[in-house]
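One structure below.
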Ligand SMILES: *Cc1c(COP(=O)(O)O)cnc(C)c1O
């Protein structure tokens, strides 16, 4: 077997090795059931215990209050860009903060369904920063306020949950959920595609405060976008992404029992990110792409300022056992995604390589 490499992919991304090992060990015969989780009826007793215990783990790990529903859906974060306005619009007005590509996609989709006010935008600075609370132009009569909590492509992260009075805050946490503790009660809706920090692609988690359910014209809502219906059916209106939910359960077990919970997870993530950002700040060969106060703990973006040198860096990094360091085309340069599953040694190896590359090419 070839050795595993340090995979800096933005998503789908690395999973913890103990999770992969357990999935492998349980592949042919899940706990005496005589079959793999992939082969089970989602209506079976054994699968029912998997989905219920995954939800219970997520509630424990994130501290999700009882008045929130947890939904296991498909269609990615992108399907939720449509579901959010459809489920939450009552007067047809919403505020959006545009801090990146995914926030903009969500905004474009919402505009099909209502009157959308741009509460803030960092687009003029190529999405290199997160607006402060004072910079948000909020509408007190909006049905909700939308933001993307971590901008995967640009490497910026909201360090605070916006204060919006009685307007519910909606957050796309696809790329920073489970990276640190958050106060769920500050949010109306949290949604995340699983493939960055939770598990395999194919699962999308929606956490929604229950008083926000059920206001739309029932007869017009596509069933698979209907949060109220999905909550009533316990995510089983149709076949849920069964295997991805099972793997999320394993990831949560790992966070809870091997890492020691989200506070400990955050400490580890901070140490990893600090190693890389401290190095970036100590030299001038590479330039960080995000403004210092807005830096993401999960996606670190930087460039040399020379596209050919960036390409050379990416090629050489692959030869040195690191993959997927090429930045998104809208930012250029490099991006190191250092989600929960990336070990400290991976970031150490990257920084060593960066130093060597800078010396040889500076
Ligand atoms: C990856 C990502 C998306 C898109 O997710 P899909 O599951 O591909 O639809 C949306 N928002 C953020 C923040 C992401 O990182």
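Structure values in brief
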| quantity | calculated |
| --- | --- |
| Estimated distance in nm for a label pair at residue 275 and residue 20, the labels positioned 7 Å out from Cα along Cα-to-Cβ | 1.8 |
| For the stretch 194-330: Kirkwood Rh in Å [reciprocal of mean 1/r, alpha carbons] | 19.0 |
| Where N is the number of residues in the chain, Cα Rg divided by 2.2 N^0.38 Å | 1.01 |
| Kirkwood Rh in Å, taken over the stretch 208-251 so that all alpha-carbon pairs contribute | 11.9 |
| When the convex hull of its Cα atoms is projected in every direction, mean area for the stretch 261-361 (nm²) | 6.3 |
| Paramagnetic label zone (point 7 Å from Cα along Cα-to-C-beta, residue 44; backbone N under 17 Å) in the stretch 216-253 | 239-247 |
| Relative contact order %, the stretch 18-258, counting alpha carbon pairs below 8 Å whose residues are six or more apart | 27 |
| Highest average packing first - 205-213, 133-141, Cβ atoms within 10 Å | 205-213, 133-141 |
| 19 Å cut-off, amide nitrogen to a point 7 angstrom out along residue 132 Cα→Cβ, residues in the stretch 165-196 | 165 |
| Cα centroid separation - the stretch 180-248 against the stretch 104-134, whole Å | 23 |
| Ranked list, fewest to most other Cβ atoms within 10 Å of each Cβ, for 357, 127 | 357, 127 |
| The stretch 18-258 - share of DSSP beta bridges that are antiparallel (%, nearest 5) | 45 |
| 222 nm mean residue ellipticity, helices alone, for the chain (DSSP H n ≥ 4; -39,500 (n - 2.57); rounded to 500) | -10500 deg cm²/dmol |
| Label-point separation in nm, residue 292 to residue 264, each point 7 Å along Cα→Cβ | 3.3 |
| Point-to-point label distance, residue 215-residue 93, nm (Cα→Cβ direction, 7 Å offset) | 1.3 |
| Two-site FRET efficiency, residue 124 against residue 3, from Cβ-Cβ distance with R₀ of 35 Å, rounded to 0.05 | 0.20 |
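None of the figures in this text is laboratory data; all of them are computed from the coordinates on show. As the structure is a computational prediction, the values presented were derived from the model and not from experiment. Cβ atoms come from the backbone with ideal geometry, glycine included; neighbour counts cover every protein chain shown.
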